[in-house]
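Have a look at the structure that comes next, please.
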Amino acid sequence: MALLPILTAPDPRLKKKSLPVEAVDAGVRQLMDDMLETMYAAPGIGLAAPQVGVLKRVIVLDIDREDTRTGPLLMANPEIVEASDDDATYEEGCLSVPEHYSDVVRPARVTVRYLDRDGKKQDLACEGLLATCIQHEIDHLDGILFIDHISSLKRNMILRKLLKTRKEKERDEAEGKAPSRTRDQAKDPEHAL
Ligand code: NI
């Protein structure tokens, strides 16, 4: 397994639509395993392939690593086949939008259809944080970030700050200094989707 570098916004690769995988072969399983390791190390509870620069419809999630009943979920070609009319609001963050958080409204319950690590078709009905996380990750596959669900005023403010942080980091690296800002520590992995 290997840790993969996580892209941060603004990055054109995060705005692209990812392509379905033809089959869950050894290459896709390797990608899933590397993504899971990268997600745990971040730490976060969800990660989509475009966040590591791979434009394939693959996501991994583990909303509660203490809870071994469900374990990690590895999904290829996930799609929402049913969504509830009622909504839920959750304060979302994202490993590609480090240190920024915002309330996002989404359907409270969804059913997702996907291929598992063995290539078997599965339907999973979910609610709560799992429903939020799955919708957030599937958005990534369509080039959508959680900040695309909030006001353009707040979105542009966040993007400006991210660019500023990146420039500071590059300047520190060029000058051989230790980074003046410590990296991207999510206030809580539950908010790093
Ligand atoms: Ni995300």
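Return one number: the angle in degrees, 0 to 90 and rounded to the nearest 10, between the long axis of the Cα atoms of helix 26-41 and the longest principal axis of the Cα atoms of the chain.
50 degrees
Which of the listed residues, Val105, Thr165, Leu145, is farthest toward the dipole's positive end in the range 103-193, when Lys, Arg count +1 and Asp, Glu count -1 at the beta-carbon?
Going by the Cα projections, it comes out as Thr165.
Sticking with this structure for a sec: Using a 7 Å offset from the Cα along the Cα-to-Cβ direction at both Leu55 and Asp116, what is the distance between the two label points in nm, to one decimal?
Here the answer is 3.1 nm between the modelled labels.
Can you list the aspartates and glutamates whose alpha carbon sits under 20 Å from that of Lys177, skipping same-chain ones fewer than 8 residues off?
Answer for Lys177, where 20 Å is the Cα cut-off: Glu168, listed by chain and number.
Give the peptides 35-44, 1-10 in descending order of average Cβ contacts within 10 Å, highest first.
On the way: 35-44: 19.6, 1-10: 14.9.
Going by the mean number of other Cβ atoms within 10 Å, highest first, we get 35-44, 1-10.
Rounded to the nearest 500 deg cm²/dmol, what is the calculated helix-only ellipticity per residue at 222 nm for the chain, with -39500 (n - 2.57) per DSSP H run of length n ≥ 4?
Numbers: 3 runs with 53 residues, N = 193.
Theoretical 222 nm ellipticity from helices: -9500 deg cm²/dmol.
Also, quick follow-up: Just need log10 I(q)/I(0) for the chain at q = 0.10, 0.13 Å⁻¹, Debye formula, equal scatterers on the alpha-carbon atoms, no solvent, rounded to two decimals.
-0.40, -0.67
How much net charge surrounds Met1 when only other residues with a Cβ under 9 Å from its Cβ are counted (Lys, Arg +1; Asp, Glu -1)?
Result for the neighbourhood of Met1: -3.
Pop the C-beta distance of Ser151 and Ala26 into the FRET formula with R0 = 45 Å and round what comes out to the nearest 0.05.
0.55
Ok, one more. For every other residue with a beta carbon closer than 13 angstrom to the beta carbon of Ala108, add +1 if it is Lys or Arg and -1 if Asp or Glu, then tell me the sum.
On the way: positive: Arg106, Arg109; negative: Glu82, Asp85, Asp86, Asp87, Glu127.
Within the 13 Å Cβ shell, the charges total -3.
Please compute the modelled spin-label separation between Glu82 and Lys16, points set 7 Å along Cα→Cβ, answer in nm with one decimal.
3.5 nm
Throughout, read-outs are computed from the coordinates displayed, never taken from laboratory work. None of these values were measured; they are calculated from a predicted model. Backbone-built Cβ (ideal geometry, glycine too); neighbour counts: all protein chains shown.
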